[in-house]
């Protein structure tokens, strides 16, 4: 690819949810490690799985990915991203261009037990104008990305745990 050629359009991951999903957690778009592994939050320094594990008292990092997803669904959490496709070099949200939204209203309407939506970080929260129109509480959580080094692990865990407690996930 020439240096000035457009970056390829990347395709995100499918949603993870079940009929008992009470809280939908929306990221922005999977990073390089997640796209390569076809797994949510696959970068080893992303604190997503350790934060959830600390809240739930589970060693999620020791579990195979499929077992982690089963735990997520069992606890009433759903996962998806706000963007279905985009162009991006690397993994930084600031590098996202040509983003195309996932069909969030239709997906949210398909979750009968859904009580709230939470955004993992600032880029995801940019679409709060859409999620707020759906009649549910909407939260902006601190990003679990390694790029969010200004928040300690414990501070992130506490912020996430508060939202999880409000919706009976902790």
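For the reader, a short list of remarks on this structure follows.
- Looking across segment 124-156, the residues that are farther than 30 Å from residue 106 by Cα and either in contact with a helix residue (DSSP H, G or I) (Cβ under 8 Å, 6 or more places away or on another chain) or surrounded by 14 or more Cβ atoms within 10 Å (Cβ to Cβ) (or both) come down to 147, 148, 151, 153.
- Pair list, Cβ < 6 Å and 6+ apart or interchain, from segment 79-97 residues that are at negative phi to residues that are at pLDDT below 85: 87/7; 89/7
- Picking from residues in segment 20-40 that are within 21 Å of residue 162 (Cα to Cα) and touching a strand residue (DSSP E or B) at 6+ places or on another chain (Cβ under 9 Å), the one that is surrounded by the most Cβ atoms within 10 Å (Cβ to Cβ) is 25.
- Residue match in segment 48-57 (condition: farther than 22 Å from residue 131 by Cβ and in a loop (DSSP other than H, G, I, E, B)): yes
The values are calculated or read from the model by the stated rules, or taken from the named source; none is laboratory data. Please read all numbers here as calculations on a predicted model, not as lab measurements. All Cβ positions, even for glycine, are placed from backbone atoms using ideal geometry, and neighbour counts span all protein chains on display.
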